[in-house]
Every structure is written in structure tokens, then in C-alpha cells.
1. Taking the beta-carbon count within 10 Å as an exposure proxy, list 156, 122, 195 from fewest neighbours to most.
2. Å³ per residue of the Cα convex hull, for segment 97-281?
3. What ranking of 128, 99, 223 emerges when the number of other C-beta atoms within 10 Å of each C-beta is taken as an exposure proxy, fewest first?
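Coordinate-derived values only; no laboratory data. Everything quoted here is computed from the prediction, not taken from an experiment. Every residue, glycine as well, gets a Cβ built from its backbone with ideal geometry; the counts of neighbours run over all protein chains shown.
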């Protein structure tokens, strides 16, 4: 018959065995819980990935084979106005002639060219010009009654072949919608090596079809110009308007705008190149 001491020892050993078994069961439960959690994470992650990457636009048996082409650009214009901007006129007409000056600029010309002679130029009538580009001919009407000095300079540059074999270096697709050209270096900082004063007035507004000079500040006009193909209402009246672009030409620029910019930011080099091969005046 076991003594009290023996019974206590047996009870102690039994308790120890129970504690060991409990610890083992608790360990197994923790391992099972960890594995289950990991599997749940994998399943959820897989479901999220499937939801994010599956194309729901196709239905039917051939859905797996169908594919949607990626967008050409993420900065295409949300909308392009189709109505031409009202004709711009000076509130006070200029005289028959005005005096123009074309002083040398601080930077060298991006392409060898001579500045127009200073003196009196006509402030009457219009001049037709054509830019032969990689997207087709762009037809311009240059208006001396708005900006005689700008028109005189533009015609001179055309006659010297300055715009030939250049590229339009900038496209904007939101806020303002313009295509900017006229820099042989295609950097946005090039010019003809001379400048001339602004020919602006407070009533100036901008919109589809307007042709204007780009600048880097007051009275810094050179060779760079821009075509407003759509929205231009956010532009302040500090850019010399010197003509218009016809409707058929604007439609060609629209297609360039819809392709967006190379940078995808809505302001940069157009994804569809617009290379000016030739320029001529009638």
C-alpha cells in the first residue's frame, strides 16, 4: 500500500505530465493559427490582385482572349472647344505705319538669321502663310492691324528659312491648350538673337484659332509662337496676338493634342511630333 509520500510523488508526476501535454497542445494551436493566418493573407492578397487587374469590359466565352489597348496618354485633353474665338480688333486702330525696332538680344541666335531693319512698317492688311509640317499644312493669316512689328518679323524669318526643319517643342492640354513652336533648338529657350516690344492691349483675349507670340517676360518677343487650339481663357493679355489659324489646320492640331505629351504631365513635348519642314508666305 503506497504511503502518503508516495501518493504525493505520484500526484506530482501526474500533474507535471498534464502540464507538458497542455503546453504541447497550446503550441500546436499557435502553429495552426499562424498557418491559417498566413493562408488567409495569401488568399486575400490574391483576391485583391485579381480584382485590381481583371478587365471587366469583356463578356462571353472569348473574354479571356479579348484585350483593351492601353490609352495613348494619360494627359489627353478632357475636352477641346470647337468654336473659333471671336475676331480680335484693336479698340483704337493703329495708323497706316508704325515704327519697329529689333535690337540684339543677350543670347546668340539658335539659327543663323538677320534681324529685320528698324524703321517704319505697314500696319494695314493681312499676309497669308503656310507651315508645311509632318501633320499636314497649317494655314495662317497674319494680321498687321493687330501687331505690325510681329508680322514683319515673322515674315522675315519665313523668307530666311528660319522655321524650316524645326520642331514644335511644347504642347499643353489642360488649363490652357496651346501648341508652341519656333525654337530651332527645341529647348524652349532658343530664339533669333534679337527681340522686339510687345504689341498688346488690355482687351486682348485668347481662344481657339488665335496665333500669338511666346515670350519670357515684357518685350522679349523673338521667334517662338503658339497656336491656341482650344482653351486660352486663363492667359493674361501679355502675349502679342498677330494672326489666326484656319479651322482645318486646327483639326490637325486637335489630333496631336489627343495623343498627349511624352511626359504625360499635360505640358511637354507632343507625343505626336509636329515638325515644320517648310514655311512660306503668299
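1. On the way: 156 18, 122 15, 195 22.
The order, fewest Cβ neighbours first, is 122, 156, 195.
2. On the way: hull volume 18.9 nm³, N = 185.
Spread over its residues, the Cα hull of segment 97-281 gives 102 Å³ apiece.
3. Working: 128 13, 99 10, 223 26.
Placing the least packed residue first, the sequence is 99, 128, 223.
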